[in-house]
Structures are given as structure tokens and as C-alpha cells.
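Worksheet: one structure, shown below.
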Amino acid sequence: MPIHTEAQFTEVYRAHYEDLLRFVRRRAHPMNVDDIVGETFLAAWRRRSELPEDPRPWLFRTARNAMLNAQRGMRRRSALVVHIQQSSDSAAERVTSDVSDQVDSRLELGAAWQELAPGDQEVLALHVWEELSARDAAKVLGCTRAAYAMRLTRAKRRLAARLTAGTAVSPALALTR
């Protein structure tokens, strides 16, 4: 889908801006969000004639790379920390018990989440929050679909193990959408 005109690029921008903004907000420091989104769309503009038919995974991958580059500049060891945001579609809200159980479940899920390696957090976030297909998530991570599927399975197991070991929350809670 080569983009040759400003109007075509504007259409891509409007179609994907909100998704990209949410993607970056979940991962980057709030002070860096606008810069990363801007840098991502600048890269898209520069490479507009090379954008794939569905540019969303390409945009996510470009934003992810921009975040990783920023982190490498600040630290020797790059680490991607996904910030947990409370949202109406949060897995903890599926708990049907009273409010105090919901609060406890969220805290337990949050604690288990923070214990996960950054790679596991990213794989799960692409699956749950971004709702990407295995094919598209693999593009974001720069791996094969099979490798992504294996990473997702392992990340789910590790999260379930942490929930089972230290909480009363059902492991399935964090694994379903």
C-alpha cells in the first residue's frame, strides 16, 4: 500500500493514532509518550512508500524500537516495563465477588505481573491489551508466529504459576480476555 499523497498519509495517521497512543502510553514514561508517537509517525512518513497493507503492526514495532532505543540510552541493560493501567476491560474486573475481593485480586494480579520478566509482560500485553493476532504480534516482536505462540504459552504459564503460588486468584483470570 504505497502512500504517495499527504491525504493518504493523513488517512493512515487518523486510522491508527489512537491505537498507537494507547500502545505507547502502556509502555513508556508519560513524559516520553508524545515524542515516541511523533517519532513513529515521522518514520512512517519517511517510509510511507514502503508501508505494508496493514500498517498497525509496523507502527507498533517502530514505536517499540523507539522505546527500546530510548531505554538503551538511559541504561546499559534495556528493559521494557509495561505499566498496568486500570481499565474497564481489565482481567481483574471479571471477578464477580464483592468489591474487596476485586481489590485484592487486582493487587495480587498486579504483584504477579510485576514479577514477570519484561519479555513476558510484553508478549501478554500484545495479546490481551492490544488484541493482536499471533501473526501481527510476531511482526511487532520481530519473530515468527510460532516463536510468538511459544513465548505467549510460556508467559501465560509463568503468570499462572505466580498467581497460584501466592494468591487466591484463579490462574485463568489473567489468561482470558
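Key figures
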{"read-out": "Subset of the range 104-145 (residues that are open to solvent by 60 Å² or more (accessible area, probe 1.4 Å) and either modelled with pLDDT of 90 or more or not in a helix (DSSP H, G or I) (or both))", "value": "Glu131, Arg135, Lys139, Thr144, Arg145"}
{"read-out": "Pairs where the first residue, in the range 143-166, is touching a residue at least 12 places away in the same chain (Cβ under 8 Å) and farther than 13 Å from Gln121 by Cα and the second is β-branched (Val, Ile, Thr) and in a loop (DSSP other than H, G, I, E, B), C-beta under 8 Å, 6+ apart", "value": "Leu163/Val169"}
{"read-out": "Residue match in the range 58-73 (condition: surrounded by 12 or more Cβ atoms within 10 Å (Cβ to Cβ), at pLDDT 90 or above, among the charged types (D, E, K, R) and over 30 Å from Leu109 (Cβ atoms))", "value": "no"}
{"read-out": "Sole exception among (1) buried (at least 16 other Cβ atoms within 10 Å of the Cβ); (2) under 18 Å from the mean Cα position of the chain (by Cα) for Tyr17, by number", "value": "(1)"}
{"read-out": "Failed item in (1) within 25 Å of Val128 (Cβ to Cβ); (2) at pLDDT 90 or above, with Gln86 passing the rest", "value": "(2)"}
{"read-out": "Candidate set from the range 146-170 (those that are modelled with pLDDT under 90 and of a type in the set (Ser, Thr, Tyr)); member that is most open to solvent (accessible area, probe 1.4 Å)", "value": "Thr164"}
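The values are calculated or read from the model by the stated rules, or taken from the named source; none is laboratory data. What you see is a predicted model; the values in this text were computed from it and never measured. Positions of Cβ are backbone-derived with ideal geometry, glycine not excepted, and every protein chain shown enters the neighbour counts. For accessibility, only protein heavy atoms count, side chains too; no ligands or nucleic acids. Shrake-Rupley method; radii C 1.70, N 1.55, O 1.52, S 1.80 Å.
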